[in-house]
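Have a look at the structure below, then the notes.
Here, each number is a calculation from the coordinates, and none is a lab measurement. Bear in mind the structure is a predicted one, so any value in this text is a computation, not a measurement.
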Amino acid sequence: MQSLTGYTDETLLNEVDGMTDLLYEKQGSYLQGKQDVIKALIKAGKLTPEEGEKFIKITNQETSTQTR
């Protein structure tokens with residue numbers, strides 16, 4: 001019975017590890033998307049580079065607090 005428990009624990013850990021990787025990929029994609037929008041707004045003249053920089057800093061702070 002001990003080997004079955006070890007196998008089950010190992011399988012569960014692998015599943016959790018995979019879900020964690022997916023979460024980090026989603027957060028990275030979300031952050032990149034927000035940064036792309038900010039860059040497009042700067043290019044279109046809707047934001048100044050200084051305003052865009054502030055938004056990018058806020059976005060980075062949001063992401064770092066979500067991963068804690």
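For residue 20 and residue 61, the difference between the fully extended length at 0.36 nm per residue and the C-alpha to C-alpha distance is 12.8 nm. Here's the list of aspartates and glutamates a cross-link from residue 39 could span, going by alpha-carbon distance under 15 Å and ignoring same-chain residues fewer than 8 apart: 50, 51, 53.
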